[in-house]
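Structure record follows, encoded as structure tokens.
The values are calculated or read from the model by the stated rules, or taken from the named source; none is laboratory data. Worth saying up front: this structure is predicted, and the values here are computed from it rather than measured. Cβ atoms come from the backbone with ideal geometry, glycine included; neighbour counts cover every protein chain shown.
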Amino acid sequence: MDQYIIKGGNPLVGEVEIGGAKNAALAILAAAIMTDDTVRLENLPDVNDINVLLEAIGGIGAKVERVDRHTAVINGSTIGDISVDYEYIKKIRASYYLLGALLGKYKKAEVPLPGGCNIGSRPIDLHLKGFRALGATVDIKYGAIVASAPNGLHGTHIFMDTVSVGATINIMMAASMAKGNTIIENAAKEPHVVDTANFLNSMGANIKGAGTDVIRIRGVETLHSTTYSIVPDMIEAGTYMFAAAATRGDILIKNVIPKHLEAITAKLEEIGCEVEEFDDAVRVISAKKLRRTHVKTLPYPGYPTDMQPQIAVTLALATGTSIVTESIFENRFKYADELTRMGASVKVEGNTAIIDGVEKLTGARVSAPDLRAGAALVIAGLAAEGITIVDDIVYIQRGYEDFEGKLRSLGAEIERVTSEKEIQKFKLRIG
Ligand SMILES: CC(=O)N[C@H]1[C@@H](OP(=O)(O)OP(=O)(O)OC[C@H]2O[C@@H](n3ccc(=O)[nH]c3=O)[C@H](O)[C@@H]2O)O[C@H](CO)[C@@H](O)[C@@H]1O
Ligand SMILES: C=C(OP(=O)(O)O)C(=O)O
């Protein structure tokens, strides 16, 4: 099992290039099979979740060619099977997007119930309610969702009880190929919702209002070929922004859309960092002393839940008491005990973490409980005095391309290791 070993204490300084957004790319990859024409996708991140979904798409018969690390060409005309049965696909959250894509195109789909990070109970009732409202019958059989609409899908008016990224995108995909008009109210407004709508429109769909809370979709019969480049990953960018803050560094984060980072930028400025915005880059210059703040996760444009552990780790090193409230997922503080082992003072009560800032963290052996918490523990290790070992980095590999390589280019002392021998070698090397 891969681990990271980190010698902390170096301020991260330099430039880093951000890749395509994992959570946009996953939806767009699924949507790419909705046409029988060839689709070329650029700026795909080379991360495990993407590679699993590409294999699953190939597994149902689509032609998938990985032109280079960040480009794939997909042709869905050869799909022979609407039943996705791939042992890894159930482990990723975004497997549910194949449901909307296959149901929209073929009016039937069979997809295993999704997995993803264990950050809460993560129901998919809103997705299924949406498909049913479009005229599909949906059952759960033997661990899979089985959906079919023998008489076709029909446009309708859907009000989302809860703002859900996945359900908004899934319903939008299916409704793109329904008969008539669909209105989704209380829709999610995340950049990946907009990116998926833009992608579908580039294939001939008729979607208006993505990025607002009312999305209007006029169904079309067929979709056509396109070439599309995935939007930059705001969560990868935000992670490096907090890595700069926590290590008292200075990082220029390139290939980003600064507008998408506003909630993150606002918090960094509140705690005393300087954030310079450029057309497609942001520079974060940390402060000698970081200040406390309060933060509550909210749907976009609020502060993202996927950035909650990263800010918490940084606040663990700020002066004073901070309160972090998680309002999206009920189980997203599993890193708190690990952080405490590094000397942080974090008390979790329900959906709130109360963090009393400490002068310094000290290295320890910790385990990544999920993707973003794993990345946050790496940031903690980089800021801490001494050696930190992060176990279970398979979670981090789900969503960060070449995390250790990018961090090393910023001056971090971090290695990916697989054995005790390699750990000893690292320790000897760094003295
Ligand atoms: C692959 C992907 O893009 N994952 C992202 C997606 O997850 P995901 O699509 O799973 O998250 P949602 O936006 O759907 O979840 C938001 C809230 O709605 C609830 N809910 C959701 C669906 C449903 O049918 N019923 C229901 O009650 C969830 O429990 C949660 O409390 O958005 C989350 C919120 O920004 C991010 O943390 C995840 O990184
Ligand atoms: C929680 C995340 O991913 P998933 O929804 O795929 O588990 C994430 O990207 O932070």
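Of the residues making up region 25-62, those that are more than 15 Å from Y88 (Cα to Cα), within 16 Å of ligand 2 (Cβ to nearest atom) and of a type in the set (G, A, S) are A25, A27, A30. If you go through region 410-429 one residue at a time, do you hit one that is charged (D, E, K, R), assigned by TED's automatic domain parsing to the domain that holds L252, within 16 Å of ligand 2 (Cβ to nearest atom) and surrounded by 16 or more Cβ atoms within 10 Å (Cβ to Cβ)? For region 410-429, residues charged (D, E, K, R), assigned by TED's automatic domain parsing to the domain that holds L252, within 16 Å of ligand 2 (Cβ to nearest atom) and surrounded by 16 or more Cβ atoms within 10 Å (Cβ to Cβ): absent. For P123, state whether it is at pLDDT 90 or above, within 16 Å of ligand 2 (Cβ to nearest atom), of a type outside the set (G, A, S) and touching a strand residue (DSSP E or B) at 6+ places or on another chain (Cβ under 7 Å). So P123 does not fit the description; no.
Does G386 fit the bill of being under 21 Å from M234 (Cβ atoms) and surrounded by fewer than 18 Cβ atoms within 10 Å (Cβ to Cβ)? No: the conditions fail for G386.
Do we find a residue being away from ligand 2 (no atom under 16 Å from the Cβ), farther than 21 Å from C117 by Cα, touching a residue at least 24 places away in the same chain (Cβ under 8 Å) and assigned to a helix (DSSP H, G or I) anywhere in region 333-348? Checked against the condition, which is being away from ligand 2 (no atom under 16 Å from the Cβ), farther than 21 Å from C117 by Cα, touching a residue at least 24 places away in the same chain (Cβ under 8 Å) and assigned to a helix (DSSP H, G or I), region 333-348 yields at least one hit.
Within region 121-134, residues that are closer than 19 Å to S327 by Cβ sit with their Cβ atoms under 8 Å from residues that are near ligand 1 (Cβ under 6 Å from one of its atoms) and aromatic (F, W, Y), at 6+ positions apart or across chains, in these pairs: R122/F329. Of everything in region 3-23 that is in contact with a strand residue (DSSP E or B) (Cβ under 9 Å, 6 or more places away or on another chain) and within 16 Å of ligand 2 (Cβ to nearest atom), the residue that is nearest to L371 (Cα to Cα) is A21. In region 158-172, the residues that are in the same structural domain as M34 (by TED's automatic domain parsing) and modelled with pLDDT of 95 or more reach residues that are outside any helix (DSSP H, G or I) and within 12 Å of ligand 2 (Cβ to nearest atom) with C-beta atoms within less than 6 angstrom, at least six apart or across chains, in these pairs: V165/E190. Pairing residues of region 354-375 that are touching a residue at least 40 places away in the same chain (Cβ under 8 Å) with residues that are in a helix (DSSP H, G or I) and acidic (D, E), at Cβ distances under 6 Å and at least 6 apart in sequence or on separate chains, gives R372/D306. Of all residue pairs spaced 6 or more apart or on separate chains, none has beta-carbon atoms under 7 Å together with a first member in region 22-42 that is touching a residue at least 60 places away in the same chain (Cβ under 8 Å) and not assigned by TED's automatic domain parsing to the domain that holds V194 and a second member that is in a helix (DSSP H, G or I) and away from ligand 2 (no atom under 16 Å from the Cβ).
Taking the listed residues A344, A373, A364, the one that is touching a Phe, Trp or Tyr at 6+ places or on another chain (Cβ under 9 Å) and either surrounded by 23 or more Cβ atoms within 10 Å (Cβ to Cβ) or more than 23 Å from I271 (Cα to Cα) (or both) is A373, with no other qualifying. The residues listed here are G143, G211; of these, the one that is farther than 18 Å from A31 by Cβ and without any contact (Cβ under 8 Å) to a residue 60 or more places away in the chain is G143. The residues listed here are K91, K63; of these, the one that is more than 15 Å from A30 (Cβ to Cβ) and crowded, with 16+ Cβ neighbours inside 10 Å is K91. Scanning region 276-311 for residues that are part of a strand (DSSP E or B), surrounded by 21 or more Cβ atoms within 10 Å (Cβ to Cβ) and more than 20 Å from the chain's Cα centre (by Cα) yields one hit, V284.
Condition check: surrounded by 16 or more Cβ atoms within 10 Å (Cβ to Cβ), in contact (Cβ under 8 Å) with a residue 24 or more places away in the chain, under 20 Å from the mean Cα position of the chain (by Cα) and more than 30 Å from G180 (Cβ to Cβ). Does I257 satisfy that? Yes: the conditions hold for I257. Select from region 66-80 the residues that are among the charged types (D, E, K, R) and exposed (fewer than 13 other Cβ atoms within 10 Å of the Cβ) and list them in ascending order. If the condition is that a residue be among the charged types (D, E, K, R) and exposed (fewer than 13 other Cβ atoms within 10 Å of the Cβ), then D68, R69 are the ones that fit.
Annotation note: of T227, T239, the sole residue that is surrounded by fewer than 21 Cβ atoms within 10 Å (Cβ to Cβ), in contact (Cβ under 8 Å) with a residue 24 or more places away in the chain and of a type in the set (V, I, T) is T227. Do you know which residues across region 110-141 are closer than 18 Å to E221 by Cβ and buried (at least 20 other Cβ atoms within 10 Å of the Cβ)? Correct list: L134, A136.
Return yes when L99 is surrounded by 14 or more Cβ atoms within 10 Å (Cβ to Cβ), within 14 Å of ligand 1 (Cβ to nearest atom), within 19 Å of G219 (Cα to Cα) and not basic (K, R) and no when it is not. In short, yes. Only residues that are outside any strand (DSSP E or B), farther than 16 Å from A368 by Cα and modelled with pLDDT of 95 or more: list them for region 387-428, please. Scanning region 387-428 gives E401, D402, G405, K406, L407, R408, S409, L410, G411, A412.
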